[in-house]
Amino acid sequence: MPIFAYRIVTPEGKERKGTMEAKTADQLTQIMKNQGNIVLSVGEASILQKDINISFLQKNVKARDFSIFCRQIVSIIGAGVSIINALEMMKDATENKTLKTALGGVHEDVAKGEALTSAMRKRKKIFPEMLCNMVEAGEASGSLEIAFSRMATQFEKEDRLKKSIKKATIYPIILVILMIGMMALMLLWMIPTFMGMFEQIGTEMNAYTMSIILLSNFVQSNIFIILIIMIATVVGFRFFAKTDLGKMSLGTFALKMPVFGPLLMKTACARLGRTLSTLLSAGIPLVEAVEISGRSMENYKYKKAMENAKDQIMRGRALSQPLINSGLFPLMVTHMVAIGEETGNIEEMLENVADYYEDDVQTATDAMMAMLEPVIIIVMAIGVGAMIIAILLPMMDLFEALG
């Protein structure tokens with residue numbers, strides 16, 4: 001549809017400019033009037049007025065962006081503002097460009113009489129399925145404010161969980177990359193420079209230094225082949241990781257890793273407990289809640305376990321039984337779920353599971369960082385130190401000969 005530029009005076013008496021898609025200028029004018037605005041002008045937008053929409057440059061909508069959106073819309077609706085005006089206010093207040101554009105479309109659809117859930121599901125690439133389901137339940141029960149409040153908490157917890165995982169992985173990766181870069185620099189530049197000087201002087205090389213020189217010569221002679229192999233390995237790994245076999249193999253390997261495995265397990269338990277608790281408390285059926293929770297899992301083994309749990313529930317079995325049979329969840333989780341099923345208080349039990357494991361993930365992350373940091377630094381010192389020793393040994397021999 002064409003994009004039109006408009007200039008209006010809002011019911012509050014404020015002049016506002018903007019752009020919006022519409023079939024015709026008359027249609028856009030009517031939409032603006034229906035919202036209580038005074039239309040000053042409507043015309044086709046120029047190239048400079050149109051938003052440039054390049055998909056790969058669009059900023060992703062993160063959990064924190066959604067948590068702010070949900071928390072603010074709760075405050076606005078709680079003040080008695082209609083959902084149409086609330087969406088318009090949020091569209092103007094939202095900083096994330098992608099979310100701002102999506103909210104503009106949702107506002108336009110709702111202003112035409114469409115349900116909020118339907119308008120959000122038309123933009124399913126932006127709005128998570130869980131949020132859409134919660135909003136649908138809120139609309140059906142007349143408790144939209146409660147639905148957004150629960151989702152605000154959900155997104156806040158998810159954001160905190162993701163930050164903990166990033167904290168545990170990014171720093172070690174940076175240190176490893178730095179170590180590889182320093183060793184490559186020494187092999188490609190420092191070792192050849194010093195060895196050339198020693199050759200001119202006629203210094204005799206010891207066996208250890210000669211081995212480092214041979215390694216340096218090999219890297220220099222085959223640098224392009226090494227780069228091609230590295231790129232091919234990365235591409236092949238990414239391709240393999242997208243296959244079902246690759247997802248299952250990598251998921252199994254990740255859970256068996258000495259340090260990261262337990263952390264990933266705790267993260268999965270926290271996410272399952274929080275997501276299921278939020279969905280069930282809003283009245284979402286158990287089968288649908290389990291299906292959505294499974295899709296939120298990042299590890300493929302947990303995804304398959306939740307798919308199996310959904311099938312078992314549809315056959316009349318309790319949720320706790322397939323969780324036990326999967327062998328992926330600690331006894332605490334399965335026992336809490338079983339107690340919740342027996343007492344009819346499964347939402348509260350799942351929330352307790354989420355609270356416990358979210359705190360445990362934070363504690364485990366701090367402990368892992370405290371352990372990994374010195375280990376990586378020691379490994380880096382050994383790797384770089386080995387190169388430096390290869391340079392120092394001939395220098396010491398030279399000084400001894402001169403002395």
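Here residue 232 clears all of (1) under 20 Å from residue 154 (Cβ atoms); (2) among the small types (Gly, Ala, Ser); (3) loosely packed, with under 14 Cβ neighbours inside 10 Å except the condition numbered (1).
If residue 380 satisfies every condition in (1) in contact (Cβ under 8 Å) with a residue 40 or more places away in the chain; (2) within 24 Å of residue 158 (Cβ to Cβ) but one, which is the exception? Going through the list (1) in contact (Cβ under 8 Å) with a residue 40 or more places away in the chain; (2) within 24 Å of residue 158 (Cβ to Cβ), residue 380 breaks only (2). Summed over segment 301-349, the residues that are among the polar types (S, T, N, Q) and touching a helix residue (DSSP H, G or I) at 6+ places or on another chain (Cβ under 7 Å) give a count of 6.
Scanning segment 101-120 for residues that are assigned to a helix (DSSP H, G or I), over 12 Å from residue 91 (Cβ atoms) and not β-branched (Val, Ile, Thr) yields a count of 5.
Could you tell me whether any residue of segment 199-219 is loosely packed, with under 13 Cβ neighbours inside 10 Å, part of a helix (DSSP H, G or I) and within 42 Å of the chain's Cα centre (by Cα)? So far as segment 199-219 goes, yes, one or more of its residues are loosely packed, with under 13 Cβ neighbours inside 10 Å, part of a helix (DSSP H, G or I) and within 42 Å of the chain's Cα centre (by Cα).
With respect to residue 33, determine if the residue is open to solvent by 90 Å² or more (accessible area, probe 1.4 Å), modelled with pLDDT of 80 or more, more than 23 Å from the chain's Cα centre (by Cα) and not acidic (Asp, Glu). Spelling it out, residue 33 is indeed open to solvent by 90 Å² or more (accessible area, probe 1.4 Å), modelled with pLDDT of 80 or more, more than 23 Å from the chain's Cα centre (by Cα) and not acidic (Asp, Glu). Against the test of being farther than 19 Å from residue 109 by Cα, open to solvent by 30 Å² or more (accessible area, probe 1.4 Å) and at pLDDT 75 or above, the options 57, 40, 48 yield a single qualifying residue, 40. With respect to being in a helix (DSSP H, G or I) and open to solvent by 50 Å² or more (accessible area, probe 1.4 Å), residue 72 fits the description.
Looking at residue 255, is it open to solvent by less than 80 Å² (accessible area, probe 1.4 Å), within 17 Å of residue 357 (Cβ to Cβ), free of Cβ contacts under 8 Å to residues at least 40 places away in the same chain and not in a loop (DSSP other than H, G, I, E, B)? Against the criterion (open to solvent by less than 80 Å² (accessible area, probe 1.4 Å), within 17 Å of residue 357 (Cβ to Cβ), free of Cβ contacts under 8 Å to residues at least 40 places away in the same chain and not in a loop (DSSP other than H, G, I, E, B)), residue 255 does not qualify.
Taking the listed residues 162, 100, 166, 91, the one that is within 25 Å of the chain's Cα centre (by Cα) and loosely packed, with under 15 Cβ neighbours inside 10 Å is 166, with no other qualifying. Listed conditions (1) over 24 Å from residue 279 (Cα atoms); (2) open to solvent by 50 Å² or more (accessible area, probe 1.4 Å); (3) part of a helix (DSSP H, G or I) are all met by residue 64, apart from (1). When the test is whether a residue is outside any loop (DSSP other than H, G, I, E, B) and buried (at least 23 other Cβ atoms within 10 Å of the Cβ), residue 279 passes it. Filtered by the rule that a residue be of a type in the set (Val, Ile, Thr) and surrounded by 15 or more Cβ atoms within 10 Å (Cβ to Cβ), segment 173-192 gives a lone residue, 191. The set of residues from segment 291-305 being open to solvent by less than 30 Å² (accessible area, probe 1.4 Å), small (Gly, Ala, Ser) and modelled with pLDDT under 90 comprises 293, 294.
The values are calculated or read from the model by the stated rules, or taken from the named source; none is laboratory data. None of the values given here were measured: they were computed from a predicted structure. In this analysis, Cβ positions are derived from the backbone assuming ideal geometry, glycine residues included, and neighbour counts consider all displayed protein chains. Keep in mind that these areas ignore ligands, DNA and RNA; they rest on the heavy atoms of the full protein, side chains included. Shrake-Rupley method; radii C 1.70, N 1.55, O 1.52, S 1.80 Å.
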